[in-house]
Amino acid sequence: MLENSLSEKKLKIVQVAVPTPLRRTFDYLLSNDINPQDVQPGMRVLVPFGRTRQIAVVVGQSDETDIDVKKLRLVSKVLDKKPILPESIIKLLNWVAAYYHHPIGEVYRAALPVHYRKKESALEPGVTLWFLTDLGKDADWDLLKRAVRQRSILEELKRSPEGLTREQIASEQEGQWQSALKVLVEKKWLVTKVQENNSTPYRPGNAIGKNPGLQLNTEQQASVEALLQHDASYHASLIDGITGSGKTEVYLSFIEQQLKNARQVLVLVPEIGLTPQLIHRFEHRFSVKIQTLHSGLNNTQRMKIWQQVSSGEVRILIGTRSAVFTPMPDLGAIIIDEEHDLSFKQQDGIRYSAKDIALVRANYADIPIVLGTATPSMESLYLCQKSKMSHHKLRQRAGQAKPPEVHLIDVRGQYLQHGISRTLIDLMHQHLDKNNQVLLFQNRRGYSPVLLCNKCGWISHCHRCDAKLTYHQQHNRLRCHHCQTEQHLPAQCPECGHGELSHLGIGTERVEKTIRALFPGIEVIRIDRDTTQRKGSLQTMLERARDAQKQILIGTQMLAKGHHFPNVTLVAILDIDQGLYSIDFRAPERLAQLIVQVSGRAGREEKKGQVVLQTSHPEDDILNSLLNEGYMGFAAKALAERKEVLLPPYAYQALIRAEANKIEYYQLFLEYCFQVMNSSKQHLPADHDIQFLGPVPAPMEKKAGKYRGQLLIQASARKNLHNIINDLIKTIEANKAAQRVRWSIDIDPQELY
Ligand code: ADP
Ligand code: ZN
Ligand code: ZN
């Protein structure tokens with residue numbers, strides 16, 4: 001009797017991550033009808049939270065709590081039969097929340113496929129799903145004017161062609177929805193189907209290879225051998241290989257060994273790097289199941305892939321940054337292609353670096369990680385210097401290809417036809433006459449970025465941003481590239497009524513128009529965000545460009561990455577000067593990477609390529625060190641400079657951003673942050689070197705109608721930086737000063753605005 005009541009007193013408490021902006025987990029009690037064994041970390045539970053109910057993830061269990069037990073609430077329901085997140089991912093997500101100082105519940109929420117954020121996964125086998133019938137789709141819904149609930153159910157199902165569970169329907173409906181559902185079934189407008197199990201388990205010993213790899217050259221062979229020396233424990237390697245040196249072949253050989261060892265492999269690629277060509281090479285080489293995760297998928301597709309990867313059925317997952325959170329039970333290695341690419345850093349919400357998370361994940365899992373690029377980031381080169389990463393170089397182009405020749409076109413004193421010099425036009429003719437392709441790079445969309453009144457000097461500004469409106473000729477509209485505001489092109493100056501407005505500056509549309517006029521009869525393809533909005537259009541254009549001859553390609557950043565055009569022999573960057581003078585200390589690195597990456601599109605096969613850069617600053621240091629000493633010469637110089645002035649990677653930064661409806665609000669808030677941190681500096685070791693830069697207005701202070709400011713914190717010891725931010729957040733959360741602003745913290749910011 002006594003024993004019984006004692007054991008009853010033993011508390012069963014779970015810690016859960018609830019999607020809320022609070023930076024902590026919450027304790028809940030398990031009621032007696034829930035067996036504690038049935039609630040494991042990584043399962044979802046339904047919990048009462050304030051006046052709502054939330055889906056939360058269990059992250060821990062215990063017998064005790066710091067909270068008054070009487071105040072603890074009960075878990076309403078356990079939603080999963082087994083954990084959907086394994087312990088390794090829980091550990092990783094906890095690290096992410098702590099390192100990025102982000103609310104843990106939001107981190108868990110972001111890591112789960114959307115379907116799991118609703119009560120029950122619509123894709124679990126055995127679950128009953130509701131669908132619209134054809135009869136229901138074709139019915140005249142207007143007749144339901146007074147049957148509000150029927151109509152609302154129909155509309156919800158229309159939005160979810162993949163079907164909804166009864167609980168999912170319930171979560172969006174109010175009142176007498178059950179009877180409405182019944183009526184709809186009687187009308188035969190709805191049907192139910194049971195979700196089948198569509199995943200086939202992986203069986204080790206299945207064939208791996210389909211086609212043999214290429215005969216590796218000496219450099220490739222040496223890299224593969226070096227990688228294989230650490231194929232079963234944590235080790236970070238950098239494959240620093242010029243474009244076309246055969247890095248992908250190196251990854252493939254390394255992956256082959258992982259597959260033979262019955263391991264899964266995660267390959268992270270930049271957003272635009274996920275080309276059909278890359279996927280094709282993987283599928284050509286291996287017979288295991290390969291899947292890709294990227295932003296073009298709908299929620300159901302994502303969920304299916306997530307399940308196939310977590311079950312071990314998919315052996316190679318190729319994905320963009322968020323794929324780094326996918327559970328992989330047999331993960332054996334991580335590859336990050338184009339590791340220098342900015343798209344691995346998320347620029348809103350949780351501002352995480354998928355590259356850094358991947359390094360931590362590999363470390364926790366004790367597996368190798370391989371970073372590859374032609375233009376290593378300063379951070380990676382620094383890790384190599386400190387022997388925390390091994391550095392493998394590929395300096396020859398694989399196969400027959402020769403590296404391109406690069407030179408500058410000095411445009412000072414030259415007449416430019418809409419940004420194109422005579423020298424360049426002549427060169428283009430030479431290359432086209434040999435039936436080759438030419439690629440023109442201009443990193444700006446639209447026709448022209450500035451509209452100017454010749455009489456009064458009026459300029460087309462966005463009224464919601466500190467930015468100019470770009471003219472898009474195709475739609476004859478002015479557009480803001482920062483807030484999506486649009487307006488008609490004015491026929492005359494809105495200030496003085498003058499009829500003559502000039503277009504200043506050059507965008508890709510203008511380049512296209514000029515080129516079509518200069519090269520009649522030659523095919524021109526423009527690839528930028530405007531021409532590739534329709535699904536599949538990018539792919540169609542890339543295919544048309546792939547084996548074409550006598551063709552001119554015009555493009556933005558989108559064309560700089562990963563694509564392979566065998567017949568391109570001339571690449572021109574029309575305006576290099578945009579990148580030369582910037583307030584961001586990373587601008588030279590980005591410019592050098594861009595030049596090298598764009599150059600890499602030229603002369604990839606037996607045809608030798610040529611690269612030209614139009615500039616009015618041919619004497620510039622960066623350009624010359626890059627041209628004379630190559631990327632590595634440039635990088636050595638850039639690193640030395642950063643070391644001298646103590647900038648990353650020799651120091652650590654965090655950026656606090658705030659935006660508000662009024663300038664004073666963000667100023668007051670950031671000033672308050674500054675004061676708080678300044679006083680908590682006293683508690684740091686005496687040799688700390690915390691520095692503050694700001695508060696200052698953001699480089700674009702007004703954006704989409706909000707005013708924005710920022711405060712940069714820098715230190716040479718990461719720990720000090722994190723301590724001071726932890727203190728700050730505790731103070732902010734307890735204070736009302738934060739209520740009038742939207743604020744965020746960016747750890748290791750990559751862009752200082
Ligand atoms: P990277 O990823 O470094 O840009 P890729 O792996 O895409 O280079 O290789 C560039 C081109 O060279 C591809 O067409 C590839 O098929 C070819 N290639 C790579 N390795 C070899 C090799 N060892 N022998 C012949 N061709 C190769
Ligand atoms: Zn005017
Ligand atoms: Zn705007």
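The values are calculated or read from the model by the stated rules, or taken from the named source; none is laboratory data. Just so we're clear, the structure is a prediction, and the values are computed from it rather than from any experiment. Cβ placement follows ideal geometry from the backbone for every residue including glycine, while neighbour counts extend to all protein chains displayed. Each accessible area value is taken on the protein alone, full model and side chains, heavy atoms only, with ligands, DNA and RNA left out. Shrake-Rupley method; radii C 1.70, N 1.55, O 1.52, S 1.80 Å.
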Original post:
Would you pick out the residues in the stretch 496-518 that are of a type in the set (S, T, N, Q) and within 16 Å of ligand 2 (Cβ to nearest atom)?
Top reply: Ser502
Original post:
Since Met428 meets every condition but one in (1) farther than 25 Å from Gln593 by Cα; (2) buried (at least 19 other Cβ atoms within 10 Å of the Cβ); (3) at pLDDT 95 or above, which condition does it not meet?
Top reply: (1)
Original post:
Does Gln539 satisfy the condition of being in contact (Cβ under 8 Å) with a residue 40 or more places away in the chain and surrounded by fewer than 16 Cβ atoms within 10 Å (Cβ to Cβ)?
Top reply: yes
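Tally the residues that are assigned to a helix (DSSP H, G or I) and basic (Lys, Arg), restricting the search to the stretch 295-319.
Taking the stretch 295-319 as the starting set, the residues that turn out to be assigned to a helix (DSSP H, G or I) are 299-310.
Next, only the ones that are basic (Lys, Arg) stay: 302, 304.
Total satisfying the criteria: 2.
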Subject >> Considering residues of the stretch 248-262 that are within 12 Å of ligand 1 (Cβ to nearest atom) and closer than 12 Å to Phe286 by Cβ only, the residue most open to solvent (accessible area, probe 1.4 Å) >> reply: Ser253
Original post:
Scanning the stretch 460-494 for residues that are within 27 Å of Ile573 (Cα to Cα) and among the aliphatic types (A, V, I, L, M), which turns out farthest from ligand 3 (Cβ to nearest atom)?
Top reply: Leu478
**OP:** Restrict the check to the stretch 168-184 and report whether at least one residue is of a type in the set (A, V, I, L, M, F, W, C) and part of a strand (DSSP E or B).
**Re:** no
Subject >> Failed criterion for Ser245 (all others in (1) part of a loop (DSSP other than H, G, I, E, B); (2) open to solvent by 30 Å² or more (accessible area, probe 1.4 Å) hold) >> reply: (2)
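Which residue out of His488, His503, His498 is touching a strand residue (DSSP E or B) at 6+ places or on another chain (Cβ under 9 Å), more than 26 Å from Leu416 (Cα to Cα) and open to solvent by less than 60 Å² (accessible area, probe 1.4 Å)? Give the steps one after another, and end with the answer.
Working: His488 fails: open to solvent by less than 60 Å² (accessible area, probe 1.4 Å); His503 fails: more than 26 Å from Leu416 (Cα to Cα).
None of the others qualify; the one that does is His498.
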Subject >> Selection from the stretch 568-616 of residues that are out of contact with any strand residue (DSSP E or B) (no Cβ under 8 Å at 6 or more places or on another chain) and among the β-branched types (Val, Ile, Thr) >> reply: Val596
**OP:** Identify all residues within the stretch 589-627 that are within 25 Å of Leu647 (Cα to Cα) and open to solvent by 40 Å² or more (accessible area, probe 1.4 Å); write none if there are none.
**Re:** Arg590, Asp621, Asn624, Leu627
Original post:
For the stretch 325-334, does any single residue satisfy the condition of being of a type in the set (S, T, N, Q), under 25 Å from the mean Cα position of the chain (by Cα) and modelled with pLDDT of 95 or more?
Top reply: yes
**OP:** Provide a single number: the residues in the stretch 17-64 that are assigned to a loop (DSSP other than H, G, I, E, B), open to solvent by less than 50 Å² (accessible area, probe 1.4 Å) and either of a type outside the set (Ser, Thr, Tyr) or under 30 Å from Ser744 (Cα atoms) (or both).
**Re:** 10
Original post:
Scanning for something on the phi > 0 side of the Ramachandran plot, assigned by TED's automatic domain parsing to the domain that holds Ala139 and either in a loop (DSSP other than H, G, I, E, B) or open to solvent by less than 60 Å² (accessible area, probe 1.4 Å) (or both), does the stretch 188-200 turn up at least one residue?
Top reply: yes
Subject >> Residue match in the stretch 317-326 (condition: over 30 Å from Ser160 (Cβ atoms), touching a strand residue (DSSP E or B) at 6+ places or on another chain (Cβ under 9 Å) and more than 16 Å from ligand 1 (Cβ to nearest atom)) >> reply: no
Original post:
Among the residues of the stretch 435-470, which ones are of a type outside the set (S, T, N, Q), open to solvent by 10 Å² or more (accessible area, probe 1.4 Å) and within 16 Å of ligand 2 (Cβ to nearest atom)?
Top reply: Val450, Leu452, Lys455, Cys456, Gly457, Trp458, Ile459, His461, Lys468
Original post:
How many residues are within 12 Å of ligand 1 (Cβ to nearest atom) and open to solvent by 40 Å² or more (accessible area, probe 1.4 Å) when one looks only at the stretch 220-242?
Top reply: 2
Original post:
Quick check: anything in the stretch 687-706 surrounded by fewer than 15 Cβ atoms within 10 Å (Cβ to Cβ) and closer than 17 Å to His102 by Cβ?
Top reply: no
Subject >> Among the candidates Gln667, Gln593, residue that is within 30 Å of Tyr707 (Cβ to Cβ) and either assigned by TED's automatic domain parsing to the domain that holds Ile725 or modelled with pLDDT of 90 or more (or both) >> reply: Gln667
**OP:** Search the stretch 495-518 for residues being closer than 14 Å to Tyr447 by Cβ and among the acidic types (Asp, Glu), and hand back the single one that is farthest from ligand 3 (Cβ to nearest atom).
**Re:** Glu512
**OP:** Could you check, for the stretch 527-536, whether at least one of its residues is open to solvent by 40 Å² or more (accessible area, probe 1.4 Å), outside the structural domain of His475 (by TED's automatic domain parsing) and at pLDDT 90 or above?
**Re:** no
Subject >> From the options Glu629, Glu619, Glu659, residue that is touching a strand residue (DSSP E or B) at 6+ places or on another chain (Cβ under 9 Å) and not assigned by TED's automatic domain parsing to the domain that holds Ser353 >> reply: Glu659
**OP:** Among what's in the stretch 714-753 and is assigned to a strand (DSSP E or B) and either within 16 Å of ligand 1 (Cβ to nearest atom) or within 24 Å of the chain's Cα centre (by Cα) (or both), pick the residue that is farthest from Leu591 (Cα to Cα).
**Re:** Arg742
Original post:
Got a number for residues in the stretch 277-294 being among the hydrophobic types (A, V, I, L, M, F, W, C) and part of a loop (DSSP other than H, G, I, E, B)?
Top reply: 1
Original post:
Taking the stated definitions as given, is Ile334 assigned by TED's automatic domain parsing to the domain that holds Thr373, β-branched (Val, Ile, Thr), open to solvent by less than 10 Å² (accessible area, probe 1.4 Å) and away from ligand 2 (no atom under 16 Å from the Cβ)?
Top reply: yes
Original post:
Does Leu432 count as in a strand (DSSP E or B) and touching a residue at least 24 places away in the same chain (Cβ under 8 Å)?
Top reply: no
